[in-house]
Amino acid sequence: MSEPTGTSSSRQNGRRKLHKKHSKLPVKAGKLKRQTEKQKVEEVDKLALEYSPPDDLKLFTDLPISENTKRGLKKGYFVEMTDIQAKSVPISLKGKDVLGAARTGSGKTLAFLIPVLEMLYRRKWGALDGLGALIISPTRELAVQIFEVLRSIGGYHSFSAGLVIGGKNLKDERDRLSRMNILVATPGRLLQHMDQTVGFDANNLQMLVLDEADRILDMGFQRTLSALLSHLPKSRQTLLFSATQTQSVSDLARLSLKDPVSVGVIAPGESTDNTYIPSTLEQHYVVCELDKKLDVLWSFIKTHLQTKTLVFMSSCKQVRFVFETFCRMHPGMPLIHLHGKQKQSARLTMYNKFTTTKHAVLFATDIAARGLDFPSVDWVVQLDAPEDVETYIHRVGRTARYESKGKGMLMLCPSEEEGMKAALEKKGLEVNKIKIRQSKTQSIENQLQKLAFQDPEIKYLGQRAFVSYLRSIYLQKDKSIFKIDELPVECFAESLGLPGAPKVKFLSKEAMKRRKNASRTIEEAEAEVRKENESLKSTKKVSAPSRQRGGDNDDESNGPQDPSEGSEESDSEGASSGGDQVDEALSVPGKVKKAGAVRTKYDRMFERKNQNILSEHYSKLISHDDASDSEDDFITLKRADHGLDDLDSADQNVSKSPVNNGDHTTTFQEDLAANLSKRKLKMNKAKRTIATGGVNTKLIFDDEGKAHQLYELEDGEKWFEERGGLLGAQEEGKKFAESERTKMRVTDVVDREEAREKKREKKRKRKEREKAINGDDEGGPVAVIEPTEEGDGYVSPEFDLPSESDEEPSSFTPRKRATFEERPASKKRKVDADEDMGDDEELALHLLRQRR
């Protein structure tokens with residue numbers, strides 16, 4: 001029985017609707033989840049923009065941030081906010097630029113990491129959106145620390161974060177860089193990726209964070225930072241944080257920030273007390289001689305074995321020297337060193353080791369002075385004075401972190417005390433002076449000398465530490481604090497265990513500069529004295545004509561005088577005036593020089609007094625006139641006739657002739673040139689001398705001073721008589737022939753050996769060349785030796801070595817060729833057709849000779 005058509009169609013429609021209803025249920029749930037997430041993001045964004053922080057804001061849970069960030073803060077045990085966090089985070093969440101400054105250890109890292117996470121969350125940043133936030137740090141250790149904090153509080157977000165620092169594999173970073181949403185980097189490596197990495201695009205950047213901006217600029221990254229900013233888009237939010245605000249940071253803020261809100265920055269005229277340094281930090285300084293600093297440091301470590309100490313030095317070489325020497329003297333507690341010359345893996349190992357160790361001493365340079373959070377540091381000892389007050393603040397800021405207590409000690413030389421104390425007081429910092437107990441101080445100079453004597457490496461490290469410390473003092477800008485002239489350099493070298501002070505180039509340059517400046521001041525004083533003398537002379541000249549006019553009137557009244565006397569007086573006056581004119585011309589060459597002006601070497605040359613003394617003395621030395629033997633002459637140099645031949649004798653004859661007294665040398669040279677041929681005249685001077693006078697003979701002088709030729713022949717008759725006549729001469733001849741024959745025999749053996757060696761080398765090279773041409777590796781005709789059944793297939797090869805009989809001439813013996821079975825099985829030899837044919841021809845010729 002069939003059902004009505006309308007009923008069946010209605011049932012089918014009902015099934016279809018039910019099927020559609022069931023199929024839409026999961027889509028609706030996913031859509032609902034997305035809508036809920038979208039509503040949460042919009043709600044958080046609205047709360048952040050409209051949020052006005054209360055005065056008693058302390059908890060992170062009171063901030064208008066996402067639940068994922070709150071869960072991450074709770075996981076990292078971050079509950080209450082610091083002052084810089086409570087003031088800057090609400091402003092940063094509104095999307096404004098922030099210029100923040102706060103004392104060390106006040107939580108600046110969280111003050112910019114929370115806005116970074118919230119900004120990307122509110123803008124629904126995904127993996128395909130590219131780089132959204134960039135955090136730049138001055139040092140690698142600080143970048144690692146920021147990245148670890150980011151991982152701890154951002155674990156519940158879905159963003160990808162990366163760390164880009166120097167010392168890592170560039171290829172691995174390049175492959176993963178394009179997938180990063182948040183990037184923590186140092187300036188140098190980041191600029192390298194921006195210039196070289198394909199696909200790295202920062203055009204979509206939303207937030208830029210500069211941590212410790214003043215240190216970034218101080219380390220010489222100003223041009224790098226400017227290049228980085230040129231790669232980034234203008235429409236971004238910028239956060240700039242530092243413990244100290246300098247002029248360079250202010251300039252950078254004007255260039256990179258738009259209408260920034262200053263948080264914690266002190267306005268001019270406000271009090272600076274307790275602003276840079278926490279109240280829980282005790283500051284002290286001691287005055288110590290440079291050569292006693294290592295003794296005081298060693299004694300301090302020995303008396304503080306149950307503390308965690310951080311020691312700052314000015315150079316890497318000092319850190320390495322102190323670490324190596326103190327480790328060998330075993331102070332009784334762990335020693336760690338951290339400096340910029342280490343590899344990145346070693347630096348991270350040292351950083352983690354000091355962080356996790358309860359009692360230790362870390363020797364470090366200023367790379368550990370910025371931003372690093374070492375827990376529970378009890379003492380910060382500054383062995384060398386910091387370059388400025390900002391560096392001092394960051395150094396002592398490694399202790400007394402976030403309401404914990406700490407102590408700092410600054411060691412100053414006597415020449416540095418006054419300038420450093422004035423600089424600290426200018427910043428409003430009061431550092432108390434303490435004294436060192438001499439009874440507790442232990443001298444280690446002898447131990448260092450012993451180590452330097454036993455190990456040359458320690459001595460070399462000491463020399464480099466000495467030079468690097470003096471260079472750091474020499475390059476410091478504030479010369480009111482760092483006075484290299486007042487340092488006891490020799491005593492400092494002895495305190496490092498060195499036998500003497502190494503030679504330092506810039507110290508010698510400085511001494512030369514001081515001498516030059518001293519000579520310049522002396523010259524200025526002499527110029528002033530000369531000017532006064534000239535003024536006195538001018539007054540005398542003015543008074544002299546008046547007296548002369550009075551004398552002329554008297555002469556006219558008395559009548560004419562002897563003309564000779566008048567001429568003598570005029571001559572003397574002319575000479576004196578001429579002398580004054582000569583002095584003026586010499587002292588002022590070309591133009592009048594001002595007093596105190598810089599003089600050149602030509603000025604000094606023309607200003608020399610008594611310039612005619614040396615010329616007259618020299619003319620006396622070269623005078624050829626026969627001087628009369630008088631008792632008045634104390635020393636008289638006369639030309640002596642040594643009886644030389646050829647040119648000299650001819651020169652003497654010409655000089656003695658009465659005709660050519662004036663120009664005898666020129667006349668002799670003209671006569672000599674007239675007698676020479678054109679070919680000899682074209683020769684140079686040396687060849688012409690040999691052509692005219694012959695080759696010179698070398699003479700040697702014996703102990704009595706007699707001259708002998710270098711190779712003199714003995715008297716034949718005398719030698720013949722001494723040897724006993726003809727028989728003796730024959731015996732001498734036989735001995736000489738035998739000695740020469742022995743020499744020739746030895747030389748012949750050596751020559752033969754060299755010839756054999758050359759032949760072997762030539763043969764070896766030929767085989768290698770043929771082997772390379774034929775290509776054994778590619779395969780070819782190779783003879784393979786099968787091993788015998790008796791042994792393992794190895795037969796010791798026979799070598800064709802030269803024997804003693806080879807040296808003497810002997811009858812021809814054909815060289816045995818190695819049989820096919822005698823060749824070692826481990827080697828494969830290619831058949832050499834040319835070599836076998838040569839050997840066969842040689843053997844055939846020998847057999848034919850024997851048959852004849």
* Asked: Which one of these is modelled with pLDDT under 90 and over 27 Å from Ser345 (Cβ atoms): Asp129, Asp195, Asp175?
  -> Asp129
* Asked: Hey, does the range 76-95 have a residue that's modelled with pLDDT of 90 or more and within 23 Å of Asp201 (Cβ to Cβ)?
  -> yes
* Asked: Within the range 145-156, can you find the residues that are open to solvent by 20 Å² or more (accessible area, probe 1.4 Å), touching a residue at least 24 places away in the same chain (Cβ under 8 Å) and under 23 Å from Phe200 (Cα atoms)?
  -> Phe147
* Please state which of the following conditions Leu429 fails to meet, knowing it meets all the rest: (1) open to solvent by less than 30 Å² (accessible area, probe 1.4 Å); (2) hydrophobic (A, V, I, L, M, F, W, C); (3) not in a loop (DSSP other than H, G, I, E, B). => (3)
* To do: Note down all Cβ pairs under 8 Å where the first residue falls in the range 432-444 and is surrounded by 11 or more Cβ atoms within 10 Å (Cβ to Cβ), the second is among the basic types (Lys, Arg) and outside any loop (DSSP other than H, G, I, E, B), and they're at least six residues apart or on different chains.
  => Thr441/Lys292; Gln442/Lys302
* Go through the range 262-288 and give me each residue that's open to solvent by 40 Å² or more (accessible area, probe 1.4 Å) and at pLDDT 90 or above. => Glu282, Val287
* Among the residues of the range 458-478, count how many are exposed (fewer than 14 other Cβ atoms within 10 Å of the Cβ) and without any contact (Cβ under 8 Å) to a residue 60 or more places away in the chain. => 2
* Structure fact -> Subset of the range 178-199, residues open to solvent by less than 30 Å² (accessible area, probe 1.4 Å), more than 21 Å from Leu117 (Cβ to Cβ) and among the β-branched types (Val, Ile, Thr), comes to Thr186, Thr197
* To do: Considering every residue within the range 101-117, establish whether at least one is crowded, with 22+ Cβ neighbours inside 10 Å, in contact with a Phe, Trp or Tyr (Cβ under 9 Å, 6 or more places away or on another chain), modelled with pLDDT under 90 and not in a loop (DSSP other than H, G, I, E, B).
  => yes
* Any idea how many residues of the range 42-51 are within 20 Å of Thr82 (Cβ to Cβ) and out of contact with any Leu (no Cβ under 8 Å at 6 or more places or on another chain)? -> 0
* Scan the range 60-100 for residues that are among the hydroxyl-bearing types (Ser, Thr, Tyr), touching a residue at least 24 places away in the same chain (Cβ under 8 Å) and not in a loop (DSSP other than H, G, I, E, B) and report the count. => 3
* Give the residue, chosen from Gly779, Gly728, Gly793, Gly733, that is of a type in the set (Gly, Ala, Ser), at pLDDT below 90, surrounded by 10 or more Cβ atoms within 10 Å (Cβ to Cβ) and assigned to a loop (DSSP other than H, G, I, E, B). => Gly793
* Somewhere in the range 123-144, is a residue within 15 Å of Arg71 (Cβ to Cβ), in contact (Cβ under 8 Å) with a residue 60 or more places away in the chain, assigned to a helix (DSSP H, G or I) and in contact with a helix residue (DSSP H, G or I) (Cβ under 8 Å, 6 or more places away or on another chain)? -> no
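The values are calculated or read from the model by the stated rules, or taken from the named source; none is laboratory data. Everything numeric here is computed off the predicted structure, so don't read it as measured data. Neighbour counts run over all protein chains shown; Cβ positions are idealised from the backbone, glycine included. The protein model used for the area step is the full one, side chains on, heavy atoms only, and it has no ligands, DNA or RNA in it. Shrake-Rupley method; radii C 1.70, N 1.55, O 1.52, S 1.80 Å.
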